[in-house]
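The values are calculated or read from the model by the stated rules, or taken from the named source; none is laboratory data. Keep in mind the model is a prediction, meaning the values are calculated, not measured. Don't worry about glycine lacking a Cβ; one is built from the backbone with ideal geometry, like all the others, and counts go over all protein chains shown.
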Amino acid sequence: MNLYLKTGWNDWYRRRVPGVFLFLLAAFCILFLRLFQLQVLGGAQYHRLSENNAIRLQALAPHRGLILDANGYILAENRPSFDVCVVPWYARRSETVLPLLAEILSIDGDKLADKVAQGRRSAPYTPVCARQDIDRDLLAVIHARLPDLPGVILNVQSQRHYPQAGTPAHLVGYVGQISPQELSSGRYPHRRSGDFVGKYGVEKAFEAQISGRYGGRQVEMDAKGQVVSVLRTVPAEPGNNIHLTLDLRLQNRAKQLMGDNTGAVVAVDITTGGILAMVSQPEFNPNWFADGMSAEQWNFLAQDPARPLENKALLAYPPGSVYKIVSAMAGLEEGVITPQSTFFCSGSLEFGGREFRCWRKGGHGRLALVAALAQSCDVYFYELGLLLGVDRLAWYAHACGLGSVTGLGLDSESSGLVATAAWKRSRFNEAWMPGETLSVVIGQGFNLTTPLQMAMLSAAVANGGILHKPQVVARVLTPQGETVEAFAPKVRGRLPVSPQNLEIIKQGLFGAVNNPAGTARASRLSTVPFSGKTGTAQVVGRGDRETFLNRIYDRRDFQNHAWFTGYFVEEDGAGIAVAVFVEHGGGGAAVAAPIARDIIAEYALQDRPLMSGRADAVGSRE
């Protein structure tokens, strides 16, 4: 039985072996004929095609996210930029390409040839940019001449653009080409050479959120470097959109009110610490950085004595009499004075063989604290400073947020300076003199504060003592509108003052604007009962001013700095705090207070009519 099965199987196998061989032979014949067709009959054609076409990978740059104000107005967007580029590998075959391209673009042919030669050595298939952001007329010319320009391609890139005339450049910031140092720092993992990244302001602080990620596409290119077909595309991921706390309407109004003055305005929401407006004058055009700045434009910015590139809202200056808010707080809390304590002002105070004058030559007479704040009596605070001493005064200044950065998160924020006896010993190797406290207590001397710090302090006074961390970004959204991150208010601390004593200080600040003897009485609004404190920070001493400036010549850079900080609280507890600093502006009451008044009115009244104080009222020197 087994023998029969074995014999039958062998017969079956033998009958089918010739069929298998015939099948394999037929398959090999078909393959041979196809190879003959490709290699012999069509070899020349396919060889020509293989030389002329190549598969390349092209990077697709992402669009940066938008930056918008609180009401959805666009502050930073993207526009198309048409760039003329040369692929060195394809341009090598013609000696006329680069001279012709240089002639069309009106650029230096030798420099272009050097750039292309360098690119051919390092990355022959990477496009070398000949000229960025050409206009549409030149674009049409280049497009028509492409057959005569092998290796020349037109790239459409996303160019940053700041459309609003009132775009707060110091706050929004600007972009620029990434530097080699930035590339090697590891802080820009998805960026490459030639990319534009945030260099300043929100653009820099939120670079990771706003930049997006590269995509790419696989393309077939012909011998002239032109794309024949797109084989595969991976879209780029656009960046997220940044929504600010800024109110562009209020921002533009503040900028308009500052006019040609040099200085800063900061307006904040007293309940959240959100920045509603931040003006630094003079401003600059951020499009100069995004579009490529000329040497003339850079020289204009760098050599302007008004320093337009500095954000003056974050720079520190002598605070003048706005500092008396801190002095009054320290005096009440330390118990060296009560609301009823009075001092007599004759116009000056003799101390240590020197005469310390009040801003009002005839003096204020006998005053208690509320009136002293409203009328900004220097002699009252001289007396208070002698009772307190510099170190106790400094402790309260630090507790009010002075002498340290606020945490806004933008570049170049100054911490300011709160002087102490130990600081002077460390800085100058000298002992603190009691007479120096008399200068510090009224905001002169060594102390320095920023407009942002004073705005946050005023907001804390207005809201009952909560010292917020300032914020400029409200939320981050995807391009589809989904929330990535929302920023809730952050509390830095509380003012070192009891509710009862804070109410006394608020009465003084209300009187400064609304009482007939108040230093800011000329800025009173009967429909908007706001409060505030004027300040005048001396640049040179009074004696030097009288003997030198007034008698010889009047130069603006020797004039006093003008300050005003104030707030308005609505019935529901919402409100605004404003700090205005006018560099070399003169008196705070005459220059800074009216600016703050109109900003507060813009916030509070919008389209309702304003009713100011007496038309014939004259602001005091404070």
### Message
Just to be sure I understand, how many residues within the range 55-77 are part of a strand (DSSP E or B) and farther than 22 Å from A290 by Cβ?
### Response
4
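If I filter the range 206-219 down to residues being hydrophobic (A, V, I, L, M, F, W, C) and surrounded by 14 or more Cβ atoms within 10 Å (Cβ to Cβ), which single residue comes out as nearest to the chain's Cα centre (by Cα)?
F206
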## Note on the structure
Those residues of the range 150-162 which are at pLDDT 90 or above and in a loop (DSSP other than H, G, I, E, B) amount to Y162
### Query
Out of all the residues in the range 385-407, which are touching a strand residue (DSSP E or B) at 6+ places or on another chain (Cβ under 8 Å) and modelled with pLDDT of 95 or more?
L386, A399, C400, G401, L402, G403, T406
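Conditions tested, residue by residue: (1) within 32 Å of the chain's Cα centre (by Cα); (2) of a type in the set (A, V, I, L, M, F, W, C).
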| site | (1), (2) |
| --- | --- |
| V497 | no, yes |
| E503 | no, no |
| L509 | yes, yes |
| P516 | no, no |
| L525 | no, yes |
| G535 | yes, no |
| V539 | yes, yes |
### Message
Against the conditions (1) among the hydroxyl-bearing types (S, T, Y); (2) in contact with a helix residue (DSSP H, G or I) (Cβ under 9 Å, 6 or more places away or on another chain); (3) touching a residue at least 24 places away in the same chain (Cβ under 8 Å), where does T478 fall short? Just the number, please.
### Response
(2)
### Task
Please verify whether the range 86-106 includes one or more residues that are within 23 Å of S211 (Cβ to Cβ), touching a helix residue (DSSP H, G or I) at 6+ places or on another chain (Cβ under 9 Å), in contact (Cβ under 8 Å) with a residue 24 or more places away in the chain and not in a strand (DSSP E or B).
no
### Query
Pick from the range 370-398 the residues that are among the small types (G, A, S) and more than 15 Å from F344 (Cα to Cα): which of them is surrounded by the fewest Cβ atoms within 10 Å (Cβ to Cβ)?
G389
### Query
Based on what the data block shows, is V513 in the same structural domain as A592 (by TED's automatic domain parsing), out of contact with any Asp or Glu (no Cβ under 9 Å at 6 or more places or on another chain) and over 25 Å from I337 (Cα atoms)?
no
### Summary
Residues of the range 114-156 being exposed (fewer than 13 other Cβ atoms within 10 Å of the Cβ), closer than 23 Å to H63 by Cβ and not acidic (D, E), in sequence order, are R136, V156
### Query
Regarding S341, is this residue surrounded by fewer than 17 Cβ atoms within 10 Å (Cβ to Cβ), in contact (Cβ under 8 Å) with a residue 12 or more places away in the chain and not hydrophobic (A, V, I, L, M, F, W, C)?
no
### Task
Please determine, by comparing only the residues of the range 486-535 that are in a loop (DSSP other than H, G, I, E, B) and small (G, A, S), which one is farthest from Y567 (Cα to Cα).
A488
### Residue under evaluation I337, criteria (1) in the same structural domain as I504 (by TED's automatic domain parsing); (2) within 25 Å of P451 (Cα to Cα), criterion not met
(2)
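Taking the range 260-282 on its own, how many of its residues are of a type in the set (D, E) and either over 19 Å from Q559 (Cβ atoms) or touching a residue at least 24 places away in the same chain (Cβ under 8 Å) (or both)? Write out each step before concluding.
Residues of the range 260-282 that are of a type in the set (D, E), as a first pass: 260, 269.
Those still in the list that are either over 19 Å from Q559 (Cβ atoms) or touching a residue at least 24 places away in the same chain (Cβ under 8 Å) (or both) too: 269.
Residues meeting the conditions: 1.
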### Query
Which members of the range 59-80 meet the condition of being surrounded by fewer than 18 Cβ atoms within 10 Å (Cβ to Cβ) and basic (K, R)?
R79
### Task
Restricting attention to helices (runs of 4 or more DSSP H) lying wholly within the range 315-421, give those where 2 or more residues are hydrophobic (A, V, I, L, M, F, W, C) and in contact with a Cys (Cβ under 9 Å, 6 or more places away or on another chain).
324-334, 369-375
### Task
Among what's in the range 402-416 and is hydrophobic (A, V, I, L, M, F, W, C) and closer than 15 Å to N447 by Cα, pick the residue that is surrounded by the fewest Cβ atoms within 10 Å (Cβ to Cβ).
V405
### Residue under evaluation E203, criteria (1) of a type in the set (D, E, K, R); (2) part of a helix (DSSP H, G or I); (3) surrounded by fewer than 19 Cβ atoms within 10 Å (Cβ to Cβ), criterion not met
(3)
#### Entry: Complete set of residues in the range 485-524 that are surrounded by fewer than 16 Cβ atoms within 10 Å (Cβ to Cβ) and closer than 25 Å to L393 by Cα
V491, G493, R494, S498, P499, Q500, E503
### Query
Out of (1) in contact (Cβ under 8 Å) with a residue 40 or more places away in the chain; (2) small (G, A, S); (3) over 30 Å from P286 (Cα atoms), the odd one out for S346 is which?
(1)
